[in-house]
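The values are calculated or read from the model by the stated rules, or taken from the named source; none is laboratory data. Every value quoted in this text rests on a predicted model; they were computed, and no experiment measured them. Backbone-built Cβ (ideal geometry, glycine too); neighbour counts: all protein chains shown.
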Amino acid sequence: MSKEFNEALQSGLDLIRSGGETIDSIVARYPDFANELREQLEVALWLSSSRALLDPSPEFIASSKRRLITKIRQEQQATPAPLTWGQRIQEFFTVQKLAPVGFVLVLMLGLVVSGTVVSASQKSIPGDNLYTIKRTLEQIALATSIEEQNDAELQIQFVENRLSEVKALIIEGRYDEVADTLEDTEEQVYDTLEKIEVVSEQNRFLARDLAVQLDELLATQRTILEAITQNSPFQLSFQIARVVVVSEIVKLTAEEFSVFVPPTSTPPPTPRPTRVPTRTPRPTPTPAPTQVPIQPSPTPTTKPTKEPVEPTDTPVPTDTPAPTNTPTTVPTNTPTTVPPTNTPTTVPTNTPTTVPTNTPTKVPTNTPTDIPPPTNTPQPTNTPNPTVIPTNTSAPNFTPTQETNSSPTETPIP
Amino acid sequence: MLQWHDLEDKQLIKLAKDGEAEAFGELYERHVNAVYRFLYARLDNSMDAEDFTEEVFLRAWNSVTNYRERGVPFLAFLLIIARNVLIDQYRKNGRSPHQVTIEDIQLKDTNPDPSEITNINLKRQEIRQALGQLRDDYQEVLVLRFLNDLSPNETAQVMKRSTGAVRVLQHRAIVALRKTMEEQHEQRI
């Protein structure tokens, strides 16, 4: 089945259908496969000419078209029109985006509403709709508190809340709720006392402070309550009396704690001893003198060359202006006696207080350079009194440094 | 006023994608004959051909939004659907068209329709009987190529074969059909 044969068959069919050619004329053009081409053309033309025999009837076409359009419109009414890709994407984003946005909006609204409710409930008093929320929040705060001390502090806060509510109720003339609130106050005070007792087992000083705090709170309200009692009904005055009684108990408790735990002695002993030692050790290590004598011996050989740099880097010499002044004038005179006498009086007092750590390390390095000349003389015996002196003599360091080049060389010789 | 007849297939398809049922009705009118011929040549009777023709166009309407021309004419798109409808039908009934016997055709197609008594109907019956003797792929390629006048390339798209394979298949199908017709002619004599 060659490609040429197929092309001959296709072109022959087209030419014959158009009416310009016949089977014989087409076959005559392709003598190589004339017989096979004739057979194929005859069958193909027979099928093509029979095409109309297999067409549907015009009645079916018309009725079928009506049914088809009717079905399409019914489907369109039942379901929305088919969406394009753009519409689908748009729909996807609108649905998918609105969901989280809506969720966030609802969440924010919930937070705002809940925050508003919580803040509003704090101002509520017994009989208000939000008062239950206020008391529930108090219980939650108490339940979530970890330490006994915090529990006691919260209990004191709640006692203050109850007393404030009593005053607010009296102002509004709601005496029925006043009696109940006074009863709650009494219970709240007892609960607080129990909690303070628990705290006292761990820390009596803290318990004393809490008891005093509660007593001060009740003391300020006690006079007000007593004044109210005179003009209030019996039932209310009875409740007020109970609160006054419990406040007296609080007062006694606070006094007992104060007796057993004096207020003055307690605070300083525990905290300060721990802090002071940490600081004081530093002055003691300052014994620059102890380090000074040790270093002079090794330094003459090696350190003189390296360490002279350090004194200039460190701020010590700059902090003590006095030394800097003396070198400028003294150099000419100092070599033997003058510097030691001047420096000991002033410098020693400064070094231990301000720069204790720096001075010991740097001064010794300098002193060896200075000391060489004294080594020739028995002057070291004079210096022992101002043992600190050598440390401060850092000032002279500058002047001797120039001389060190010569003096060390001299010392080894003897 | 908009005249559907003046529009090309591309324009009608675009309107149909936008939900215009009348535009799709115009496409139906243009291609219903080819679809019907394809089905009728391979089914037992005209009633099934009519039902399946409507089924083909309903499926085409529901999937017209997915239609992209890309070298596939709308008629080829319809005939691919028609081929799938036939395959579904064969799977449902557990039989294929080449299993359709001449007896089946004669029994079922000798309906009381008076028009089929005429000579035209006899010729129609002759064609269908001849095609019914052929293999499925022979019937398909002959119907597509010579009854629906599709090009070898379009036929290859519908049949999901290469153009070369379609040419070879077409040649063998013609030879087989000629042989069948000769046998039928000898039987009549």
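Summary of values
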item	result
Close pairs from region B:18-38: first closer than 18 Å to B:Leu150 by Cα and more than 7 Å from chain A (Cβ to nearest Cβ), partner of a type in the set (Val, Ile, Thr) and part of a helix (DSSP H, G or I), Cβ under 8 Å, at least 6 apart	B:Leu27/B:Ile13; B:Val35/B:Thr53; B:Val35/B:Val56; B:Phe38/B:Val143
Search result, residues across region A:73-82 that are part of a loop (DSSP other than H, G, I, E, B) and either modelled with pLDDT of 80 or more or facing chain B (nearest Cβ under 7 Å) (or both)	A:Ala81, A:Pro82
Scan of region B:31-52 for residues that are among the hydrophobic types (A, V, I, L, M, F, W, C), crowded, with 19+ Cβ neighbours inside 10 Å and assigned to a helix (DSSP H, G or I), ordered by number	B:Val32, B:Ala34, B:Val35, B:Phe38, B:Leu39, B:Ala49, B:Phe52
Residue selected from region B:140-189 under the condition over 18 Å from A:Gly12 (Cα atoms), surrounded by fewer than 18 Cβ atoms within 10 Å (Cβ to Cβ) and among the small types (Gly, Ala, Ser), by the criterion farthest from the other protein chains (Cβ to nearest Cβ)	B:Ser162
Test result for B:Asn111, surrounded by fewer than 21 Cβ atoms within 10 Å (Cβ to Cβ) and either at pLDDT below 85 or closer than 24 Å to B:Thr180 by Cα (or both)	yes
Candidate set from region A:13-72 (those that are more than 8 Å from chain B (Cβ to nearest Cβ), among the hydroxyl-bearing types (Ser, Thr, Tyr) and part of a helix (DSSP H, G or I)); member that is farthest from B:Leu43 (Cα to Cα)	A:Ser25
Restricting region A:118-164 to residues that are touching a helix residue (DSSP H, G or I) at 6+ places or on another chain (Cβ under 8 Å), aliphatic (A, V, I, L, M) and not in a helix (DSSP H, G or I), the residue that is surrounded by the most Cβ atoms within 10 Å (Cβ to Cβ)	A:Ile125
